[in-house]
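Asker: The structure is given below, and queries will be raised subsequently.
The values are calculated or read from the model by the stated rules, or taken from the named source; none is laboratory data. Quantities reported herein were computed from a predicted structural model and do not represent experimental measurements. Here Cβ is always computed from backbone atoms with ideal geometry, including for glycine, and neighbour counts include all displayed protein chains. SASA here: full protein model, heavy atoms, side chains in, ligands and nucleic acids out. Shrake-Rupley method; radii C 1.70, N 1.55, O 1.52, S 1.80 Å.
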Amino acid sequence: MKQLYTDIVHAKKTGKQLLAILLDPEKIKVEDIPLWAKRINQSPATHLLVGGSSFEGSHLDDMIRELKKGISLPILLFPGHYNQISTEADGILFLQLLSGRNPDYLIEHQIQAVPLLESTDLEVISTGYILIESGHETAVARVSKTQPLSHTDFDYVAQTAKAGEYMGNALVYLEAGSGASQAVPLEMISTVTQRITIPILVGGGIRSSKAIAAAYEAGATMVVIGTAFEQNLHFFD
């Protein structure tokens, strides 16, 4: 077991609240990274996630290298495709789309990623990804051609998360999707927390410090902020 995952598990055990800022390389220019780095350093972030559902650019390595010049936080890849792998990062959330039934996102992309990952020193963290209905079609649903799970069927979502744990996932990520109009319901986070023993990440549709605190209270080990920070670099001021 490597250090990044060990630290997340320790945070769950001790009640430490982890906060990740998600940066989508499709939306960020390398030359703007110093400004982003400055604002991230002024935030309470503990981790950075880098990735996007539809990114097909070639500046991922440059972006992470530039981030590392001004930020000492661990950087985890959050890939929407197996070609979004960079040796410059510290680790990768090796995602399995548990909420979908498209075999490409259940196993095929993971197989294609193996030769790339074997040539790196990235810490690979198996992560069950569960997309939750959020009020409109998200980029994840569009790209993966899968439907999100109902935001009212708490037991089925918890059962899905438990299946992921049984299959060996080390984390579960409950995601409402980028720019979601509705965040993952707090009761859903609580229900999943009571059903599984592995740490839970929660993201999508979280737009305030109050909402972040509520997600922690419901059981999230790590809260992920993306669009809210993109749209307001003073979000944490």
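Conditions (1) in contact with a strand residue (DSSP E or B) (Cβ under 6 Å, 6 or more places away or on another chain); (2) surrounded by fewer than 19 Cβ atoms within 10 Å (Cβ to Cβ); (3) free of Cβ contacts under 8 Å to residues at least 24 places away in the same chain, marked per residue:
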| residue | (1), (2), (3) |
| --- | --- |
| Tyr166 | no, yes, yes |
| Ser178 | no, no, no |
| Ile200 | yes, no, no |
| Gly204 | yes, no, no |
| Ser208 | no, yes, yes |
| Met222 | yes, no, no |
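Asker: Exactly one condition in (1) buried (at least 22 other Cβ atoms within 10 Å of the Cβ); (2) in contact (Cβ under 8 Å) with a residue 60 or more places away in the chain is not met by Ala139; state its number.
Answerer: If we test Ala139 against (1) buried (at least 22 other Cβ atoms within 10 Å of the Cβ); (2) in contact (Cβ under 8 Å) with a residue 60 or more places away in the chain, just (1) comes out false.
Asker: Right, here's the next one. Need the failing condition index for Gly51 against (1) out of contact with any strand residue (DSSP E or B) (no Cβ under 8 Å at 6 or more places or on another chain); (2) of a type outside the set (D, E, K, R); (3) within 19 Å of Ser86 (Cα to Cα), just the number.
Answerer: Every listed condition holds for Gly51 apart from (1).
Asker: Turning to a different aspect of this structure: Kindly provide the set of residues from the range 29-58 that are part of a loop (DSSP other than H, G, I, E, B), of a type outside the set (Asp, Glu) and either open to solvent by 50 Å² or more (accessible area, probe 1.4 Å) or touching a Cys at 6+ places or on another chain (Cβ under 7 Å) (or both), ordered by number. Quick ask: steps written out before the conclusion?
Answerer: First pass over the range 29-58, keeping only residues part of a loop (DSSP other than H, G, I, E, B): 29, 42-46, 51-58.
Remaining after also requiring of a type outside the set (Asp, Glu): 29, 42-46, 51-55, 57-58.
Passing the criteria: Lys29, Gln42, Pro44, Ser58.
Asker: Hey, Met63 hits all of (1) at pLDDT below 95; (2) over 24 Å from Ile212 (Cβ atoms) but one; which does it fall short on?
Answerer: (1)
Asker: Which of the numbered conditions does Gln182 fail, given that it passes all the others? Conditions: (1) open to solvent by 60 Å² or more (accessible area, probe 1.4 Å); (2) in contact with a Ser or Thr (Cβ under 6 Å, 6 or more places away or on another chain); (3) modelled with pLDDT of 95 or more.
Answerer: (3)
Asker: Another one. For the range 185-203, name all the residues that are among the hydrophobic types (A, V, I, L, M, F, W, C) and part of a strand (DSSP E or B). Working first, answer last.
Answerer: Kept after step one, since they are among the hydrophobic types (A, V, I, L, M, F, W, C), are these residues of the range 185-203: 186, 188-189, 192, 196, 198, 200-202.
Hits for the range 185-203 are Ile200, Leu201, Val202.
Asker: What pairs can you find where one residue is in the range 17-45 and within 21 Å of Ile206 (Cα to Cα), the other is among the charged types (D, E, K, R), and their Cβ atoms are less than 7 Å apart, with a gap of 6+ or different chains?
Answerer: From the range 17-45, the pairs are Lys27/Glu230.
Asker: Let me ask something else. Can you find even one residue in the range 99-118 that is open to solvent by 30 Å² or more (accessible area, probe 1.4 Å) and in contact (Cβ under 8 Å) with a residue 60 or more places away in the chain?
Answerer: Within the range 99-118, the subset open to solvent by 30 Å² or more (accessible area, probe 1.4 Å) is 101-109, 111-112, 114-116, 118.
Imposing the further condition that a residue be in contact (Cβ under 8 Å) with a residue 60 or more places away in the chain reduces the set to none.
No.
Asker: Take the conditions farther than 23 Å from Leu49 by Cα, of a type outside the set (Asp, Glu), out of contact with any Leu (no Cβ under 9 Å at 6 or more places or on another chain) and modelled with pLDDT of 95 or more and apply them to Tyr156. Does it pass? First the steps, then the outcome.
Answerer: Numbers: farther than 23 Å from Leu49 by Cα: yes; of a type outside the set (Asp, Glu): yes; out of contact with any Leu (no Cβ under 9 Å at 6 or more places or on another chain): no; modelled with pLDDT of 95 or more: yes.
No.
Asker: Determine, yes or no, whether Gln84 is within 30 Å of Glu165 (Cβ to Cβ), open to solvent by 30 Å² or more (accessible area, probe 1.4 Å) and within 17 Å of the chain's Cα centre (by Cα).
Answerer: Working: within 30 Å of Glu165 (Cβ to Cβ): yes; open to solvent by 30 Å² or more (accessible area, probe 1.4 Å): no; within 17 Å of the chain's Cα centre (by Cα): yes.
So Gln84 fails the test.
Asker: Report whether or not Val50 is of a type in the set (Val, Ile, Thr) and at pLDDT 95 or above.
Answerer: yes
Asker: Next up: Do we have any residue at all in the range 220-233 that's among the aliphatic types (A, V, I, L, M), modelled with pLDDT of 95 or more and farther than 21 Å from Leu76 by Cα? Outline the logic, then answer.
Answerer: Kept after step one, since they are among the aliphatic types (A, V, I, L, M), are these residues of the range 220-233: 220, 222-225, 228, 233.
Remaining after also requiring modelled with pLDDT of 95 or more: 220, 222-225.
From the residues that got through so far, the ones that are farther than 21 Å from Leu76 by Cα too are none.
Within the range 220-233, not a single residue is among the aliphatic types (A, V, I, L, M), modelled with pLDDT of 95 or more and farther than 21 Å from Leu76 by Cα.
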